[in-house]
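Colleague: Here it is, the structure in full.
The values are calculated or read from the model by the stated rules, or taken from the named source; none is laboratory data. It should be emphasised that the depicted structure is a prediction, and the values quoted were computed from it without experimental measurement. We place every Cβ from the backbone using ideal geometry, glycine too, and count neighbours over all the protein chains shown.
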Amino acid sequence: MKLLLVHGRSQEDKNPAVLRHTWVTALHAGAEAVGLDLPITETDIIFPYFGDALIDLTSPEHPDHHNHAGEVAPITRAREHVNDAEFRCRVLNECFDAAGVGYDRIWEQAEPEVREAGPLSREWVQIGLGLLDRFVPSVSSFSLNLAAADVAMYLEDTIIQNFIETGIARAVSDIDLDEELVVVGHSLGSIIAYRILAVGGVLASRSVRSFITLGSPLGITAVRTALHPIAHPPNAGSWFNAYDDRDAVALHPLDERFFPVLPAIRNYGGVQNDTVNRHGISGYLSDRVVATHLINALAGESS
């Protein structure tokens with residue numbers, strides 16, 4: 001059994017070994033909380049790092065980075081120009097509505113020309129982000145805006161998709177095809193992990209004991225639409241989704257309303273993520289229910 005960990009956004013300029021250690025430390029904290037040991041060794045954990053590559057691809061003006069060992073190497077060509085602004089606006093407007101900063105409240109704050117431009121305009125979104133900061137202090141509008149932008153660029157730009165997904169496939173290329181995987185995707189990493197496991201994905205032929213998504217934005221309408229048609233990855237034995245209902249990125253549970261697939265996804269919304277934005281990976285992996293499911297999956301058992 002091997003464990004594949006797929007990280008999310010905002011990991012640029014970090015030492016991959018230190019970042020991997022953060023994940024593994026949280027894994028052990030979760031195991032300790034439930035009185036169990038991880039049934040795998042350090043060498044069984046695969047942690048492809050693409051933080052620098054992602055920022056290089058999404059921000060061409062960003063300086064080049066060193067190629068850290070184990071990293072999905074940076075690319076030198078500029079990203080394709082894609083119209084990801086509308087996608088980002090759709091994501092953010094759904095987040096505004098869920099947080100209680102909906103259409104009517106933004107309309108009240110908007111000048112006539114902004115009202116005419118409508119919810120897909122930059123000015124409309126800026127008003128919504130400002131209202132989030134004023135009325136929903138538990139949500140970081142800055143982080144939410146960046147997360148929406150990165151999700152939009154990843155889903156709308158085939159260069160970014162292909163580069164990151166091919167790099168992850170290379171990271172597991174030395175593993176025997178008959179060896180099972182447990183795949184964990186966090187935040188944007190849950191979207192990446194879904195794509196590489198779904199029909200036609202680069203890991204669709206791999207046997208996956210359990211697919212685990214943490215703090216996932218897969219339930220957002222614009223994301224589901226971009227991934228259409230959606231399906232339970234056929235190579236995944238089970239799908240477990242965990243979220244903190246205060247996490248603005250994990251906007252919806254992945255249930256029959258927001259990600260209707262068969263077999264149904266097991267959702268767990270009881271995470272009490274103690275990180276500042278309720279979204280950090282350590283707050284998810286150290287949760288007792290998440291840890292129990294993950295350890296059982298790694299041991300080849302049901303939870």
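Colleague: So is residue 191 part of a helix (DSSP H, G or I), under 24 Å from residue 155 (Cα atoms) and of a type outside the set (Gly, Ala, Ser) or not? Before the answer, list the steps.
Modeller: Numbers: part of a helix (DSSP H, G or I): yes; under 24 Å from residue 155 (Cα atoms): yes; of a type outside the set (Gly, Ala, Ser): yes.
Against the criterion (part of a helix (DSSP H, G or I), under 24 Å from residue 155 (Cα atoms) and of a type outside the set (Gly, Ala, Ser)), residue 191 qualifies.
Colleague: Go through (1) more than 19 Å from residue 190 (Cβ to Cβ); (2) at pLDDT below 85; (3) surrounded by fewer than 22 Cβ atoms within 10 Å (Cβ to Cβ) for residue 105 and report which single condition fails.
Modeller: Of everything listed in (1) more than 19 Å from residue 190 (Cβ to Cβ); (2) at pLDDT below 85; (3) surrounded by fewer than 22 Cβ atoms within 10 Å (Cβ to Cβ), residue 105 misses just condition (2).
Every residue, every condition in (1) at pLDDT 95 or above; (2) under 18 Å from residue 252 (Cα atoms); (3) surrounded by 23 or more Cβ atoms within 10 Å (Cβ to Cβ), yes or no:
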{"position": "161", "(1), (2), (3)": "no, no, no"}
{"position": "167", "(1), (2), (3)": "no, no, no"}
{"position": "171", "(1), (2), (3)": "no, no, no"}
{"position": "190", "(1), (2), (3)": "yes, yes, yes"}
{"position": "214", "(1), (2), (3)": "yes, yes, yes"}
{"position": "222", "(1), (2), (3)": "no, yes, no"}
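Colleague: Only one residue in 144, 155, 132 is within 24 Å of residue 92 (Cα to Cα), touching a Ser or Thr at 6+ places or on another chain (Cβ under 7 Å) and surrounded by 15 or more Cβ atoms within 10 Å (Cβ to Cβ), so which one is that? Before you say what the answer is, go through the steps one by one.
Modeller: Numbers: 144 fails: touching a Ser or Thr at 6+ places or on another chain (Cβ under 7 Å); 155 fails: touching a Ser or Thr at 6+ places or on another chain (Cβ under 7 Å).
Of 144, 155, 132, the one residue that is within 24 Å of residue 92 (Cα to Cα), touching a Ser or Thr at 6+ places or on another chain (Cβ under 7 Å) and surrounded by 15 or more Cβ atoms within 10 Å (Cβ to Cβ) is 132.
Colleague: How many of the residues in the stretch 222-237 are in contact with a Lys or Arg (Cβ under 7 Å, 6 or more places away or on another chain) and touching a residue at least 40 places away in the same chain (Cβ under 8 Å)? Walk me through how you get there before you give the answer.
Modeller: Here is the first cut: in the stretch 222-237, the ones in contact with a Lys or Arg (Cβ under 7 Å, 6 or more places away or on another chain) are 222, 230, 235, 237.
Of the ones still in play, those that are also touching a residue at least 40 places away in the same chain (Cβ under 8 Å) are 222.
Count: 1.
Colleague: Considering 219, 200, 300, which residue is in contact (Cβ under 8 Å) with a residue 40 or more places away in the chain and either assigned by TED's automatic domain parsing to the domain that holds residue 99 or on the phi > 0 side of the Ramachandran plot (or both)? Walk me through it before giving the result.
Modeller: Details: 219 fails: either assigned by TED's automatic domain parsing to the domain that holds residue 99 or on the phi > 0 side of the Ramachandran plot (or both); 200 fails: in contact (Cβ under 8 Å) with a residue 40 or more places away in the chain.
Step by step, each of 219, 200, 300 is checked, and only 300 is in contact (Cβ under 8 Å) with a residue 40 or more places away in the chain and either assigned by TED's automatic domain parsing to the domain that holds residue 99 or on the phi > 0 side of the Ramachandran plot (or both).
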